[in-house]
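Step one of this worksheet: look at the structure below.
The values are calculated or read from the model by the stated rules, or taken from the named source; none is laboratory data. This structure is a prediction, so every number in the text was calculated from the model and none was measured. Cβ coordinates were reconstructed from backbone atoms using ideal geometry, including for glycine residues, and neighbour counts include every protein chain displayed.
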Amino acid sequence: MNTSDNPRALVLRTAGTNCDGETVRALEQAGAEVELLHLRRLIDDPSPLARSAVLVLPGGFSYGDDVAAGRVLGLELRHHLGAALGEFVAAGGFVLGICNGFQVLVESGLLDAPCDSDTAAESGPPRGPRRMALTDNASARFECRWVHLRSEASACPWLVPGEIWPVPVAHAEGRFTVADPQTLAALRAGGQLALTYVNPDGSPPDYPADPNGSAGHVAGVCDTTGRVLGLMPHPERNLQSWNHPQWTRLTGDRTSGEGLLFWQRLVRAAAALPIGS
């Protein structure tokens, strides 16, 4: 039971998860009360989810990325926890997937349809054809570097549209793809294209500023409610001012890393929810 006024966040780990420690640290630094829980424990007893305001799927290589990145864990979530996740999002809970967690959200179907009705809550994530995928980088290489993101006008309640901020990426299967331009336009019109790669001045990037060749330079996507967000970059790796490789040369009052503000806004938004506190 949460005995403080801070919102409760649940960080899920399983075989191959390797960013759970820094994710817990980011949430705690932003003011959340955090529980790190193994997938098997949550499957056996989903009640911690109902007591939380935020569920985070951290980065890593769940199950060694066998078959496809995030697919095994995504199918496990849909099969074992689909109804519980549907109820959680329908009640107002936030779900965040970072890097491998984003891949898991795509594979689970949670980003393809809202869970804001009784029907969605009962049935869990949709089981029809997916509108999006994350596949091999266009470079056919693992990409590890710092990039710039822009928060776009979207349904996500804790992102500030137009804001540009630096953040690291580290992935081999992060290229966002859709079936056709019409699908991309529909996602944009629905407020689902939450984050894009840009140059520092906000102009459209080429490689390597767009590290994977994503359609529309997309770096992060939310569902139509805005409560489920996935992104490939790692905001938990930019909490301190000195996390940036060029921190001694950067100008401005950088008392912390830009990624911390991302987590603080998430926690503030979660604190306003009627659940998880």
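Observations on the structure shown:
- Residues considered: L57, L39. Of these, the only one that is at pLDDT 95 or above, under 23 Å from C222 (Cα atoms) and either touching a Ser or Thr at 6+ places or on another chain (Cβ under 6 Å) or surrounded by fewer than 24 Cβ atoms within 10 Å (Cβ to Cβ) (or both) is L39.
- Scanning the stretch 226-248 for residues that are more than 21 Å from the chain's Cα centre (by Cα) and part of a loop (DSSP other than H, G, I, E, B) returns P245, Q246, W247, T248.
- Count of the stretch 174-195 residues, restricted to those that are surrounded by fewer than 23 Cβ atoms within 10 Å (Cβ to Cβ) and in contact with a helix residue (DSSP H, G or I) (Cβ under 6 Å, 6 or more places away or on another chain), is 3.
- Of the numbered criteria (1) in contact with a Leu (Cβ under 6 Å, 6 or more places away or on another chain); (2) farther than 26 Å from L184 by Cβ, the one A32 fails is (1).
- Considering residues of the stretch 60-91 that are assigned to a loop (DSSP other than H, G, I, E, B) and more than 16 Å from the chain's Cα centre (by Cα) only, the residue nearest to L159 (Cα to Cα): A91
- Contacts under 8 angstrom Cβ, first residue in the stretch 65-79 being of a type in the set (G, A, S), partner assigned to a loop (DSSP other than H, G, I, E, B) and at pLDDT 90 or above, 6 or more apart: A68/E173; A69/F61; A69/A172; A69/E173; G74/G109
- Top-ranked residue in the stretch 206-245 [being without any contact (Cβ under 8 Å) to a residue 24 or more places away in the chain and more than 16 Å from L184 (Cα to Cα); ranked as surrounded by the most Cβ atoms within 10 Å (Cβ to Cβ)]: N243
- Failed condition for R41, given (1) among the charged types (D, E, K, R); (2) in a helix (DSSP H, G or I); (3) touching a residue at least 24 places away in the same chain (Cβ under 8 Å): (3)
- Scoring E28 on the criteria (1) in contact (Cβ under 8 Å) with a residue 12 or more places away in the chain; (2) assigned to a helix (DSSP H, G or I) leaves a single failure, condition (1).
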